[in-house]
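Notes follow once the structure below has been shown.
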């Protein structure tokens, strides 16, 4: 059993901007997060009353085994969970060689020059960048575009209003789209 | 800010719904003076238009979740040791594969956790040390690295059989089976708990019924400890609510008591066919479960006592698995006080003339009490009349062993005896007869049972529906049910049939004597006889036998169902007549219920010791059981009793054929051919035994004759094979092709075509046939995973198709067959030859039995092998 105090401490550090603490948390939480991610993916109980967001909640409580953790830690925790899930999904897509993201709206020129996986990996790197700029946007994208949580579920998970989720999601997608298109220009000029 | 977000998003969503041309007007109206809002929404809408579906549909939707749950693929070799053969099960949290362990050289099962459960509970290691016949043996825990990281998996013994879940889907279990399996489950669980191992997810899907001794299945609990998380809590969503103890749902700890709760639910399902609590509610502690005895008529009481305490809401009130086992094992304690008294008298009188007095005083082996009728109104009177008839018939039961005492209805009525318990305590009965009558339209539905008070088991159930006019058949039928189930000696009432019906019945019997192919004529005659005399069991028994023949010839399962229907009719009329018992034996043999068939045959012999068929079938069952001497004795006795009946010769011939005593088999088959007039099986039997001995020319002649009677796929194939042995491949080919066209599902025919085409130099046609053969074989193996022969053929085909690795793997598996039959050995030799592995082929030639030499000597594909200098050694 992990010591919940370690986790709390790491969460604090991570919340205060210590990126290494985030990595340590990944290491520490990895087995559980992987399990959680897999279970979120698997919809083997379609009529099951447990929503994915509740699952995350439950996982959180169980992992930390302490209900006195305050809300900010919770927020940090969710952010970590969602990032971890994103990684998991990308790893999976890479391993299974499946089309890793819905990139339909991207300009033709970009799609012609780079394969799906390359784009997906670029998106992943961009999201890391986005996470530093705006952790909330990054979490929203992960919940909506990777995990398939609904607006409502995302709002509940991240403690936002539904409208904010929509707004943040739009902005995050736009940011990614612009970054990718810039990248395309670069490729074009370099080429 | 929040309001503004909401407005912004709402407007953007609405704008996207309307045509682009009208958006500006709409948005300007909506935003009024708020220029910032207007530009922000407009920009947002433009961007949405441009981005389209970008990052909209979640990645999760693109993932093949099925594949996610299946970490290994057939054909894959894990850790350079385990060869994954096929997936055999897929459940809540794990996948089970059949695999071959190269190191141990045996077939094993691999169970790996699904993704998300990669790490098996360390506690699981506890399960490694538990060794018990009712617990699945876990060999080891291994770790493999996969695409998605490390993954733990278990290797364990490979268990054949179905899960209890699939068994229960066909309804509740029969009493004896339920009791045996319940004891198994309790014993396994008790042993695990003694070793400190909890199951945590006991449910019917985790119980495998594996065939054990004498065809009786044994329950084996699998997946010990697999459900546990590292923290020991229950699964987040993977749990199985119906089997979850109430305390687990309240975040309680798993304990032996929570396993016992699941055990209780399972036992409940086994005896009643339903769950104790409706699905969603499960046990919420409010309403206790209905006693199983209330749901199932005549259910012995001890089931209530064993099951209900397991379902207690509070864990501390539940018994241990061990205690439940003790309850199920306990011998009922019905004392018969006068047994002791009689022994005292015997001691006192012993000095005088022991044996006679003893016999006189000896308590009866069986005392059957007739209990009052259950039935409303006039049915009561009808029932009593029937019981009177039964009493009168039973009074004619012969004296001797077993000593039988009938306690008549009047006694039970005088003492107010109404229940099984009272019958034991007040009447000192060992058995009772219960009779219940209901109105069913203008018919009377009858349900009766002979119950053994010791075990409370139903020794025999008897049920049927009678018109008023037919009720006269009931006393005889019931009496037969009693004498048959209690093995009472009685002068068998002659099996009579009215004079009118006798002609048709005899005609039917004669058709059956001619051979199996006259079944249609026999059926028509028996049906006629049944119409002429609806009260005689004989035409019904004849129909059973005729339909069994039809099934045997046409492999038509509907015929078997018809046979069962007629058996039921016969059993209502006269369950204890030799013809009916024999009919039951035939049907049971074809339904693979040999133990039942043996009982039927023995009873038929008891009733009619001069019956050749009864001797023959008993002999066959001895043959199956491996009692060679008895089998031979019984076959010869049958032949002596009825020397012109073809069947005993056929059975005896089969006996010799299996033992590769071809000359003896040939002699019997010649007799079979002589007496079976309208049957080509004798000819095919004879033809194939001639082929085995290398007498190809005569064999071909005989087989052609068989074909002229009826072209069955087997016949066509046999003739093809004989011709192929003679080196006449071109002639053989059309026969194989006809066989394959008639029976698409037989892989051998395709493989034979492949062989012949190959030798004729038609490479393409040969490959096509092999490929078809391979696909049929693997389909066959999906259904019969244990067919070593099919596996051997598969290997051979793979070898011919150049799938060398698979071929080696499959042939090694086929050679694990406990009784390496000829076909497997031959296939193996051919496979190694096809693989170019002369060494191995020669090694196997060294192992062949003498009787196989001829086949090896003549097989066209073994010419090279025979020329090998090492061959003669």
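Computed from the coordinates by the stated procedures, all read-outs in this text should not be read as laboratory data. The shown structure was predicted, so the numbers you read here are calculated from the model rather than taken from an experiment. Please note: Cβ atoms are built from the backbone with ideal geometry, for glycine as well, and neighbour counts cover all protein chains shown.
Please give the FRET efficiency for residue B:659 paired with residue B:102, using the beta carbon to beta carbon distance and R0 = 45 Å, rounded to the nearest 0.05.
On the way: r = 35 Å, r/R0 = 0.77.
So, using R0 = 45 Å, E works out to roughly 0.85.
Any idea how far the Cα center of region B:810-873 sits from the one of region B:726-752, in Å?
If you average the Cα positions of each part, the centres end up 22 Å apart.
Treat each spin label as a single point 7 Å out from the Cα along the C-beta direction, and report the residue B:510 to residue B:57 distance in nm.
About 7.5 nm, to one decimal.
Got a sec? Which residues in region B:1-22 would a label at residue B:29 touch, if it sits 7 Å along Cα→Cβ and we count backbone N under 17 Å?
B:11-22
Go through B:791-800, B:501-510 and give me the packing order, highest mean Cβ count within 10 Å leading.
Numbers: B:791-800: 27.9, B:501-510: 18.9.
Answer by packing, highest mean first, reads B:791-800, B:501-510.
Sorting B:775, B:579 on the 10 Å Cβ count, fewest up front, what's the list?
B:775, B:579
With r as the distance between the Cβ atoms of residue B:555 and residue B:531 and R0 = 41 Å, compute the FRET efficiency 1/(1 + (r/R0)^6) and round to 0.05. Show your work: numbers first, answer last.
Working: r = 29 Å, r/R0 = 0.70.
E(calc), rounded to 0.05, equals 0.90.
Once the piece of chain linking residue B:853 and residue B:697 is laid out straight, how much longer is it, given 0.36 nm per residue of separation minus the C-alpha distance between them? Present the calculation step by step, with values, prior to reporting the outcome.
Working: separation 156, 0.36 × 156 = 56.16 nm, distance 1.84 nm.
Residue separation times 0.36 nm, minus the Cα-Cα distance, leaves 54.3 nm.
Apply the Debye scattering formula to region B:509-595, with a single equal point scatterer on each alpha-carbon and no solvent, then give log10 I(q)/I(0) at q = 0.22, 0.24 Å⁻¹.
-1.01, -1.19
Please quote Rg/Rh for region B:447-571 to two decimal places, taking the Kirkwood radius as Rh and restricting both calculations to Cα atoms. Show your work: numbers first, answer last.
Working: Rg = 16.1 Å, Rh = 15.8 Å.
Rounded to two decimals, Rg/Rh equals 1.02.
Can you give me the Cα centroid spacing of region B:413-438 and region B:135-198 in angstrom?
So the separation of the two Cα centres works out to 41 Å.
Within 10 Å of each Cβ of B:36-47, how many other protein chain Cβ atoms are there on average? Walk me through the numbers before you get to the answer.
On the way: counts 0, 0, 0, 0, 1, 0, 0, 1, 4, 0, 0, 6.
Mean inter-chain Cβ contacts per residue within 10 Å come to 1.
State the dimensionless ratio Rg/Rh of region B:766-873 (Rg: radius of gyration of Cα atoms; Rh: Kirkwood radius). All intermediate terms of the calculation are to be shown ahead of the outcome.
Numbers: Rg = 13.5 Å, Rh = 14.0 Å.
Reported Rg/Rh (Cα atoms, Kirkwood Rh): 0.96.
Taking neighbour counts of Cβ atoms within 10 Å as a proxy for exposure, in what order, fewest first, do B:520, B:679, B:729 appear?
On the way: B:520 13, B:679 26, B:729 19.
In increasing order of surrounding Cβ atoms, one gets B:520, B:729, B:679.
List, largest first, the extents of the alpha carbons of region B:558-640 along their principal axes, each in whole Å.
35, 24, 18
Please compute the modelled spin-label separation between residue B:139 and residue B:459, points set 7 Å along Cα→Cβ, answer in nm with one decimal.
Computed distance between label sites residue B:459 and residue B:139 equals 4.8 nm.
Can you give the mean number of other chain Cβ atoms that lie within 10 Å of the Cβ atoms in peptide B:10-16? Kindly include the intermediate steps, with their values, before the conclusion.
Working: counts 2, 0, 3, 1, 0, 0, 0.
Across the residues of B:10-16, the mean count of other-chain Cβ atoms within 10 Å is 1.
Subtract the Cα-Cα distance of residue B:843 and residue B:765 from 0.36 nm times their separation in residues, and report this length gain in nm to one decimal. Write out the running numbers ahead of the final one.
On the way: separation 78, 0.36 × 78 = 28.08 nm, distance 3.18 nm.
This chain segment gains 24.9 nm when fully extended.
What 222 nm value per residue comes from the helices of chain B, counting each DSSP H run with n ≥ 4 as -39,500 (n - 2.57) and dividing by all residues, nearest 500 deg cm²/dmol?
On the way: 39 runs with 478 residues, N = 873.
So the helix-based figure for chain B works out to -17000 deg cm²/dmol.
Hey, what's the Cα Rg ratio for chain B versus the globular rule of thumb, 2.2 N^0.38 Å? Before the final figure, lay out each step's value.
Numbers: Rg = 35.0 Å, N = 873, 2.2 N^0.38 = 28.8 Å.
Compared with the compact-globule rule of thumb, chain B sits at 1.21.
Taking a point 7 angstrom from the Cα of residue B:592 along the C-beta vector, which residues in region B:162-184 have backbone N less than 19 Å away?
B:162-171, B:173-174, B:177-178, B:181
Which three extents, in whole angstrom, do the alpha-carbon atoms of region B:657-726 cover along their principal axes, largest first?
Principal-axis extents of the Cα atoms in region B:657-726, largest first: 29, 26, 18 Å.
If I model region B:674-804 as equal point scatterers sitting on the Cα atoms and use the Debye formula, what is log10 I(q)/I(0) at q = 0.15 Å⁻¹?
Those come out to -0.72, one per q.
Quick one: if you stick a label point 7 Å off each Cα along the C-beta vector at residue B:195 and residue B:779, how many nm between them?
Going from the residue B:195 label point to the residue B:779 one covers 4.3 nm.
Assuming R0 = 41 Å, what is the FRET efficiency of residue B:564 and residue A:161, from their Cβ-Cβ distance, to the nearest 0.05? Write out the running numbers ahead of the final one.
Values: r = 68 Å, r/R0 = 1.66.
With a Förster radius of 41 Å, E is 0.05.
Grab the Cα-Cα distance for residue B:410 and residue B:317, subtract it from 0.36 nm times how many residues apart they are, and report the gain in nm with one decimal. The partial results should precede the final answer.
Numbers: separation 93, 0.36 × 93 = 33.48 nm, distance 4.46 nm.
So the extension gain works out to 29.0 nm.
In whole Å and largest first, what semi-axes does the C-alpha gyration tensor of region B:1-50 yield when each eigenvalue is scaled by 5 and square-rooted?
Details: eigenvalues 51, 31, 17 Å².
For region B:1-50, the semi-axes come out at 16, 12, 9 Å.
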